[in-house]
Amino acid sequence: MSLVSIRDLRKSFGAVQVLKGVSIEITRGAVVAIIGKSGSGKSTLLRCINGLETFDNGSIFVDGIDVAASRKDLRDLRRNVGMVFQQFNLFPHLTTAQNVMLAPKVVNREADTRAKAIASEMLAKVGLSDKADNYPSQLSGGQQQRVAIARALAMRPNVLLCDEITSALDPELVNEVLRVVEALAKDGMTLILVTHEMRFARDVGTKLVFMHQGKVHEEGPPKQLFANPTTPELAQFVGSTMH
Amino acid sequence: MTDFSFWVILSNLLLATRWTIVLSLVAFASGGIVGLALLFARVSRIGWLERLTKAYVEFFQGTPLLMQLFLFFFGVALFGVQVSPWLAAWLALTFWTSAFLTEIWRGCVDAIPKGQWEAADTLAMSYIDQMWYVILPQAFRIAIPPTVGFSVQVVKGTALASIIGFVDLTKAGTMLNNATFRPFLVYSLVAAIYFALCFPLSWFAHRLERTYNVAR
C-alpha cells in the first residue's frame, strides 16, 4: 500500500502544460529522488503534493487523504506533509527555537513546556542545540536550512518534501544539510526530494524518478539507473551532471 | 480691541488645541482599529471580501474629507437622528483614517516575501494564525514610519471639523478673528500651533525610516 499515490497528474500554466500525466507510487519509508532538467516539472510536481499548487487532472492521495478533495481546507493534509524550501523561508522575526515550536503551539495547541521540549529535540536532531536562541540572520545558510528541516519535523509529518534544499547553499555547506537528510532516511522517514545532488540521489535514494518534458521518463532503483540508463535522455543527463 | 491682547488670543487658541489633539488621537486610534480589521479582509484571499474592502478604501480615498464630514453631519440628520459635530467629526475621521491606513498596511503586507506565506501554509497554520504570528509582526516593522507619517494628515484633517461647528483650533481661530479683526496674527498663530503638533510627528517618522533602513 502506497503512502503517496500520484495518478495521471496534469497541470498547465496558461497554454504551457508542465505536467503531462505523471503517475508515481511511493511506499512508506521510501527515499525518492526526483531529477531532471529545469523546466521539466519537478518542483511543480512536488508542490502539488501538499496543495501549494493546484492541478487540472488526475489524483494525489497522501496517507489516504485526497489532495484535490481537501482543497478548501488543506490543513489536515499539511499536518502530515512537511516541506523544506530552497530559500529556507525561516521566520526572520523569531529565534531558531521559536521557529521550530510555532506550529506545534499554534496548530497542535501544545503547551509551552511541551513545545519547548519538541523544539530542543528537533534542534538536537539537526545538530543545532546551541543555536536555539539565535535569530536566522545570525546563522549560515547551511544552519538555516537545518533549522528549516527541524521546523518541518516538529509537526511529525509522515512525508517530508524537499524542494532543491541545497541549491541556494555555498558548496562547502551542502554536506551538513545532506547528512541531516541522510540521517532522517535511516530513521525511516519518507522523503521526496527534488535535487541536483546526483551522488546523494544514488547513495541514499531508494527510488529515482527522472522527469523529462512533463513526464516520468524513467524510474527505478537509483544505483541501477545511474549505472545503466535505458533512455538516451537519462544517459545524457547523468553524463552531464555526474562529475 | 485692547481686550484681546496677544496672550489672550494665544491662550484661547491653545485651549482649543486640546480638542484638536483629542479628536486626532481618538480618530487615529479608532481608525487604526477599524483599519486593522479591514486589512484582514483586504488580504483575505476571499474574492468578494477583498473587492468590498477595496471599494470602501476607494470611496474614502476618492472623495474629499469635507464631503464625508457633511455626509455624516447632514446625511444622518435626514433620518431624524441629530448628530453632534463631535460625533460626526469622529465618525468621518475614523472612516477616512481607516481607509488610508488599510491601504498603507496592505502595501506593507504585500512587501513580505511569498515564501513566508508558503512556509506558514505548509506548517498547516490557519489564515488568521499566519497573519497574526508570521506576517503582521514583520509587516509591523515596515509599517511604523508611513503610519506615523500619516498621523500628520489626521491632525491636519481635524481642521475641517471646524466647518460643521466643532470647536477645535481652526474654529477658535475663526472665532477670534471675528472678534479681533486681526486675521494675519490669528491665523499665523493657528498655523504655528499646527506646525508645532505636526513637525515632531514627521520628524519622528523620518527618523524611524532611517532606523529601519539601517537595520535592513
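Couple of notes before you dig in:
- The set of residues in segment A:181-191 that are in a helix (DSSP H, G or I) and under 19 Å from A:I49 (Cβ atoms) comprises A:V181, A:L184, A:A185.
- Scanning segment B:163-180 for residues that are surrounded by 22 or more Cβ atoms within 10 Å (Cβ to Cβ) and assigned to a helix (DSSP H, G or I) returns B:L169, B:T170, B:A172, B:G173, B:L176.
- Residues being more than 24 Å from the chain's Cα centre (by Cα) and either part of a loop (DSSP other than H, G, I, E, B) or closer than 16 Å to A:F200 by Cβ (or both) - total across segment A:228-242: 4
- Residues of segment A:25-73 that turn out to be assigned to a loop (DSSP other than H, G, I, E, B), within 12 Å of chain B (Cβ to nearest Cβ), under 20 Å from A:R156 (Cα atoms) and at pLDDT 90 or above, as a count: 3
- Which numbered condition A:N80 fails, given (1) more than 13 Å from the chain's Cα centre (by Cα); (2) in contact (Cβ under 8 Å) with a residue 60 or more places away in the chain: (1)
- Considering only residues in segment B:116-144 that are among the aliphatic types (A, V, I, L, M) and more than 9 Å from chain A (Cβ to nearest Cβ), the one that is nearest to A:Q87 (Cα to Cα) turns out to be B:I135.
- A count restricted to segment B:26-44 and to residues that are loosely packed, with under 15 Cβ neighbours inside 10 Å and more than 12 Å from B:V109 (Cβ to Cβ) stands at 3.
- Across segment A:28-48, the number of residues qualifying as in contact (Cβ under 8 Å) with a residue 40 or more places away in the chain and more than 15 Å from the chain's Cα centre (by Cα) comes to 3.
- Scope segment A:147-180; condition in a loop (DSSP other than H, G, I, E, B) and without any contact (Cβ under 8 Å) to a residue 60 or more places away in the chain; matching residues: A:A154, A:R156, A:T166, A:L169, A:D170
- Positions within segment A:97-146 being in a helix (DSSP H, G or I), within 14 Å of chain B (Cβ to nearest Cβ), in contact (Cβ under 8 Å) with a residue 24 or more places away in the chain and not hydrophobic (A, V, I, L, M, F, W, C), in sequence order: A:N99, A:P104, A:P136, A:S137, A:Q144, A:Q145
- A:F91 passes every criterion in (1) over 18 Å from the mean Cα position of the chain (by Cα); (2) more than 30 Å from A:Q138 (Cα to Cα); (3) in a loop (DSSP other than H, G, I, E, B) apart from (2).
The values are calculated or read from the model by the stated rules, or taken from the named source; none is laboratory data. Keep in mind the model is a prediction, meaning the values are calculated, not measured. Note that we place each Cβ from the backbone using ideal geometry, even for glycine, and neighbour counts take in every protein chain shown.
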